[in-house]
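A short worksheet on the structure shown next.
The values are calculated or read from the model by the stated rules, or taken from the named source; none is laboratory data. What you see is a predicted model, and the numbers here were worked out from it, not measured in a lab. So basically every Cβ, Gly included, is an ideal-geometry build from the backbone, and we count neighbours across all protein chains shown.
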Amino acid sequence: MIWVATDDGLRRLDPSTSKLNCYQHRQNDISSIASDLVKAVLESRNGTLWVATTLGLEAFDPGTGKTSGRVTLRGPSGASLSLDGNKEPSSRTTQVSSGSRFLVNRNAAGFV
């Protein structure tokens, strides 16, 4: 499967069938992604698909198309952080560190 983060939701392309699935925010459905503005998607070592939207970080289950957990990103002061600070795609990076920590680069502020 190929996962693509877009400004209109999360996309999954099955290269063997060319089937494209779209996962979007659904109002009043807390199991849908929090925002259609998806900034990054990453599969962790244990198979969890992590989806970063402008409203936080979510564990996404590809089998059900639903989120199973949402994390609001907070800075050192405790204030919520937005992943929408810089519109340039090349300035946003996500990765899993060797210590299995999820890192998100939000422009010049560095990794959080």
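What about GLY63, is it at pLDDT below 85 and either surrounded by 10 or more Cβ atoms within 10 Å (Cβ to Cβ) or part of a loop (DSSP other than H, G, I, E, B) (or both)? Break it down stepwise before answering.
Details: at pLDDT below 85: no; either surrounded by 10 or more Cβ atoms within 10 Å (Cβ to Cβ) or part of a loop (DSSP other than H, G, I, E, B) (or both): yes.
For GLY63, the condition - at pLDDT below 85 and either surrounded by 10 or more Cβ atoms within 10 Å (Cβ to Cβ) or part of a loop (DSSP other than H, G, I, E, B) (or both) - is not met.
Please tell me if VAL51 is modelled with pLDDT under 75, in a strand (DSSP E or B) and within 20 Å of THR6 (Cβ to Cβ).
Details: modelled with pLDDT under 75: no; in a strand (DSSP E or B): yes; within 20 Å of THR6 (Cβ to Cβ): yes.
No, not satisfied.
Here is a list of conditions, (1) in a loop (DSSP other than H, G, I, E, B); (2) touching a residue at least 60 places away in the same chain (Cβ under 8 Å), and LEU42 meets all of them except one; can you say which number that is?
Status for LEU42: all satisfied but (1).
Can you name the condition, by its number, that ILE30 falls short on among (1) assigned to a loop (DSSP other than H, G, I, E, B); (2) modelled with pLDDT of 80 or more; (3) surrounded by 14 or more Cβ atoms within 10 Å (Cβ to Cβ); (4) not hydroxyl-bearing (Ser, Thr, Tyr)?
Only one criterion is unmet by ILE30, namely (3).
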